[in-house]
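The values are calculated or read from the model by the stated rules, or taken from the named source; none is laboratory data. Computed from a predicted structure; not experimentally measured. Every residue, glycine as well, gets a Cβ built from its backbone with ideal geometry; the counts of neighbours run over all protein chains shown.
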């Protein structure tokens, strides 16, 4: 029983952290991704353009995170978010894609 309580507490903390990262995505977007993704500069998929983002999700959001970390086209590795965690990148990608 004690293990179940501990496991539940850990899961709740993980969910809370994930929810916090998601909630912070719009503000983080405004200081990192907005420069290119708001206008589609250099071929970046525009924020909120479901048609542009849909084919990019074919291999899942984890593949998009890997692509962001490595850099893609004119986007340098990590974009303008050098200190972003994988969870933050995932939240930013989902925010831009409207998911």
Which residues, taken from region 51-84, are surrounded by fewer than 15 Cβ atoms within 10 Å (Cβ to Cβ), closer than 15 Å to residue 29 by Cβ and either touching a helix residue (DSSP H, G or I) at 6+ places or on another chain (Cβ under 8 Å) or touching a residue at least 12 places away in the same chain (Cβ under 8 Å) (or both)? 80
Could you please let me know if residue 48 is at pLDDT below 95 and either surrounded by 13 or more Cβ atoms within 10 Å (Cβ to Cβ) or in a loop (DSSP other than H, G, I, E, B) (or both)? no
All positions within region 63-75 that are within 14 Å of residue 37 (Cβ to Cβ) and not in a helix (DSSP H, G or I): 72, 73, 74, 75
